[in-house]
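The block underneath contains the structure these notes are about, expressed in structure tokens.
Read-outs: derived from the displayed coordinates by stated rules, not from any lab. If you're wondering where the values come from, they're calculated on a predicted model, not measured in any experiment. We place every Cβ from the backbone using ideal geometry, glycine too, and count neighbours over all the protein chains shown.
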């Protein structure tokens, strides 16, 4: 049988590697950034322009799609691919992350110190038992139950090419004991997800060849991360994700990745969930990550920021800035996206000032294309043996062995 | 010199005709519908997809562009074409209509009986003198003055291919005397616009070969419409618009067109300003109109309605309608737009329910493409001598001589 993941190049000075992931809807070249289409749409963008701009795989959110329009409706339409008119690979998460993160705030909030005031307290929105997670819909407050089996069943209905195990996201700054107990439960849930996936009736599903990825937890604790990496890594999954708490800032996130990756099997693709800043992508690749996803490029577009090659400004330009008013240049010189090939900063500035939808659309496209182009550069550098130089050119510091 | 307008076909049973309008940025085949890009963008749509879907000419609004980002800024960018990345023909209105309609409500409101409560009272937002219109900005309340010369100067800066004379829009249900006096003033303003246009310094302008269209007024009064048609029609404009009050309902609007067109020179293109419902387009063509513009297709898209071939439902389907929830068909069977080639009603319904921007984008595109395709059908029928059959197929009644 053809392996799911083949490594095609390695950086001698770091853990970075390039590879190919094979899915029922085609191959994905890694390291890869996947745009997020939470509700079966990457916000404001069409699937065909995503493809034209180099997107190879999209991510959909099971939690949102389960609630609206429902996985059964999507299954009756032939699955998510046909429903949203994207014939390339799709990954769905398990729903677990969203069930919890809508209460706690997401990974991005955590890393950026934007957690809610009482983040360790579970509200009445969500309850966890050994068997299941009970939660209320963010749409209408209706009550729902997700078990590991139910999450897999929902993902079977959605029909993504890569589906994820159902996991608990421990409360932020959960101590060692809670994280350890949660990890054990997530391991038991992983076994239940695997069993449910193996017991599926392929003839009844829109995408019978779905791959199942496991999720490694353990918070910020090296021994728990190692234990989880070794445990989940040995279970027979088609690939692996690094999930759970990634710490309180970017430095800690990189540490968590660095303490986890060496204990993962080399031959499985590794996905760092929910991360997509420019520095995070490069630091993640240097530490051996193959796959990334993040809502940031489209969210930044809606909030009026464009990605640019300017580390001093955190790779962002504020489109409301009056300095852009008569700037005839593109958002980013040399960028080959539709926005930069056709429109000036002055025009984009005007669109944002006038609150015109085309502004959000063009900048969302640029931002996604920017990260896709960055990852194409990363893959080319890995193939050419020049990843260290690329890393230094973007981050202004040499690639060191501890990366 | 090549004439601006050439008639290529005539319907023997009505006043309908097909033709070609020549502009500095290429030709336009008539009868034509032009999508409206009020603020240098057809809302939510890219100029390149408009071109791909058959748009030949766009309309921009001088009032809005003058206030934001300003005609001088656009002129410094090389004009509206380069600013918005549309290299085909553009028409700008004079600003007059918007100055008044933002007080009175627009033609569409009038025809649909949605006029404000005290529509004959000018508010402090706008004042008219023999020389000028004084108005306050809808953006910030700042005070501005438009004279006929100023409107032409602003339109020179924007650089559209077709520009319009500055006119007064009389208050709704203005009596004969007010309408008559207003008409006389609009005629004097037309002469001033023509003089200002002829006195321009082409070397200083982004688009030196701009065409100037006159605007026929006269409200609902046959003798005033005739007098205005003959007066404006003889002044030497490159084309003509039918403006001013078109009455209180569609039937009256068709009467106004029918009482005006016979008195216009045959050899000039005729634009019915601000009209774009399916029946209005067909009835307008039958009465000898060559050009139409309307915000309706993109406005309907934002408000959740798609255009379909269903006269009984006023050619609209409500995208929030639960009947669409599992409808795997396209918005309109046989429609060749990007939306209908790739997405189902079920998916579009989901996007609207989830308030996803892609929904507005796809349906706006469909609605514009729908009207562009209708006009392509009209042109083909005129060329083939089958306009009467097309009219009857769409409107369910024979084309009669009084149309």
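So the values come out like this:
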{"read-out": "Neighbouring partner chain Cβ atoms per residue of B:194-200, average, 10 Å criterion", "value": "0"}
{"read-out": "Compactness relative to 2.2 N^0.38 Å, alpha carbon Rg of region B:305-395", "value": "1.17"}
{"read-out": "Residue with peak Gaussian network fluctuation, chain A [Cα springs, cutoff 10 Å], from A:177, A:167, A:327", "value": "A:177"}
{"read-out": "Most to least packed among B:371-377, A:343-349, A:260-266 [average Cβ atoms within 10 Å]", "value": "A:343-349, B:371-377, A:260-266"}
{"read-out": "Protection proxy ranking, peptides A:355-361, B:382-388, B:69-75, average beta carbon neighbours within 10 Å, highest first", "value": "A:355-361, B:69-75, B:382-388"}
{"read-out": "Relative contact order %, chain A, counting alpha carbon pairs below 8 Å whose residues are six or more apart", "value": "18"}
{"read-out": "Rounded if a/c under 1.5, otherwise prolate or oblate - chain A, Cα gyration tensor axes", "value": "rounded"}
{"read-out": "Along principal axes, Cα extents of region A:170-283, largest first, whole Å", "value": "46, 34, 24"}
{"read-out": "Residue mean of other protein chain beta carbons inside 10 Å, A:352-362", "value": "5"}
{"read-out": "Inter-centroid distance (Cα atoms) of region A:145-185 relative to region A:204-248, Å", "value": "10"}
{"read-out": "FRET efficiency, 1/(1 + (r/R0)^6) with R0 35 Å, evaluated for residue A:303 and residue A:250 via beta carbons", "value": "0.95"}
{"read-out": "The protein assembly as shown, helix-only ellipticity at 222 nm - DSSP H runs n ≥ 4, -39,500 (n - 2.57), divided by all residues, nearest 500", "value": "-12000 deg cm²/dmol"}
{"read-out": "Viscosity 1.306 mPa s, 10 °C: Kirkwood-radius Stokes-Einstein D of region A:289-355 over Cα pairs, µm²/s", "value": "126"}
{"read-out": "Whole-number D in µm² s⁻¹ for region B:29-95, Kirkwood Cα-pair radius fed into Stokes-Einstein, 20 °C, 1.002 mPa s", "value": "178"}
{"read-out": "Gaussian network model of chain A, springs between alpha carbon atoms under 10 Å - residue of A:268, A:102, A:319 with greatest fluctuation", "value": "A:102"}
{"read-out": "Neighbouring partner chain Cβ atoms per residue of A:205-213, average, 10 Å criterion", "value": "0"}
{"read-out": "Calculated diffusion of the protein assembly as shown, Stokes-Einstein form, Kirkwood radius summed over Cα pairs, 10 °C and 1.306 mPa s, µm²/s", "value": "55"}
{"read-out": "For a label point 7 Å along the Cα-to-beta-carbon line of residue B:76, residues of region B:15-44 with backbone N under 20 Å", "value": "B:40"}
{"read-out": "Ranking of A:397, B:127 by count of other Cβ atoms within 10 Å, fewest first", "value": "A:397, B:127"}
{"read-out": "Mean Cα-pair separation over length for region A:153-290, i.e. relative contact order, pairs under 8 Å, 6 or more apart, %", "value": "22"}
{"read-out": "Where N is the number of residues in region B:239-296, Cα Rg divided by 2.2 N^0.38 Å", "value": "1.00"}
{"read-out": "For peptides B:226-236, B:205-215, sequence by mean Cβ density within 10 Å, most packed first", "value": "B:205-215, B:226-236"}
{"read-out": "GNM result for chain A, Cα springs below 10 Å: residue of A:354, A:13, A:191 fluctuating most strongly", "value": "A:354"}
{"read-out": "Mean separation of Cα contacts under 8 Å, 6 or more apart, over the residue count of region B:283-392: relative contact order %", "value": "26"}
